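Data block below; observations after.
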Amino acid sequence: MAAEESEHTQLIHRWLAGEVVNNHVGIKVVGGPSNGRTKIVQLSPDGTPPAQFRTSGGRAGPDHHLYEAVRSTDAPAGWIYSHIGIAPTPTN
């Protein structure tokens, strides 16, 4: 493997640092089973990230965990995704 980082790897590092590139940015996830991870999202035309997302499986187990976008002056991207709880289990 080359000593220099590939363009793709450099792009990922820029997103993780909170830089908006090609209308995408990395937003830190706070709380819940995904705490400490970064979610790379596409911003809307007004510069806001998707309002919510959910995770399931893996370390989270069978439950679906919900996260919402929250403005944060401490985060490089200006936003974080905060854990808001477990989604209700659908009943059929």
Enter the accessible area per residue of the chain (Å², integer; probe 1.4 Å; all protein chains in place). 68 Å²
Most mobile listed residue (Ala51, Ala77, Ala17) in the chain, GNM with C-alpha springs under 10 Å: Ala51
Assign unit charges at the C-beta atoms only (+1 for Lys and Arg, -1 for Asp and Glu), then state the dipole size of the chain relative to its Cα centre in Debye, rounded to the nearest 20. 300 debye
Restricting attention to the alpha-carbon atoms of segment 12-78, what are Rg (one decimal) and Dmax (integer), both in Å? 12.2, 35
Pop the C-beta distance of Ala17 and Asp63 into the FRET formula with R0 = 35 Å and round what comes out to the nearest 0.05. 0.65
Starting at the first residue of segment 18-30, write each ³J(HN,Hα) from the Karplus equation 6.51 cos²θ - 1.76 cosθ + 1.60 with θ = phi - 60°, in whole Hz, x for Gly and Pro. x, 7, 7, 10, 6, 6, 10, 8, x, 10, 5, 9, 10
Restricting to bridges with both residues inside the chain, how much of the DSSP beta-bridge set is antiparallel, in percent to the nearest 5? 85 percent
What FRET efficiency comes out for the pair Glu5/Arg37, r = Cβ-Cβ distance, R0 = 25 Å, nearest 0.05? 0.75
Given the DSSP H assignment, sum -39500 (n - 2.57) over each helix run of at least 4 residues in the chain and divide by its residue total; what's the result at 222 nm in deg cm²/dmol, nearest 500? -3000 deg cm²/dmol
Given Cβ charges of +1 for Lys and Arg and -1 for Asp and Glu, the option among Asn22, Pro62, Gln52 whose Cα lies farthest towards the positive end of the dipole of the chain is Pro62
How far, in degrees from 0 to 90, does helix 7-16 lean away from the longest principal axis of the Cα atoms of the chain, to the nearest 10? 50 degrees
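The values are calculated or read from the model by the stated rules, or taken from the named source; none is laboratory data. Bear in mind the structure is a predicted one, so any value in this text is a computation, not a measurement. For neighbour counting, all protein chains shown are included, and Cβ atoms are generated from backbone atoms with ideal geometry for every residue, glycine included. With ligands, DNA and RNA removed, areas are computed over all heavy atoms of the protein, side chains included. Shrake-Rupley method; radii C 1.70, N 1.55, O 1.52, S 1.80 Å.
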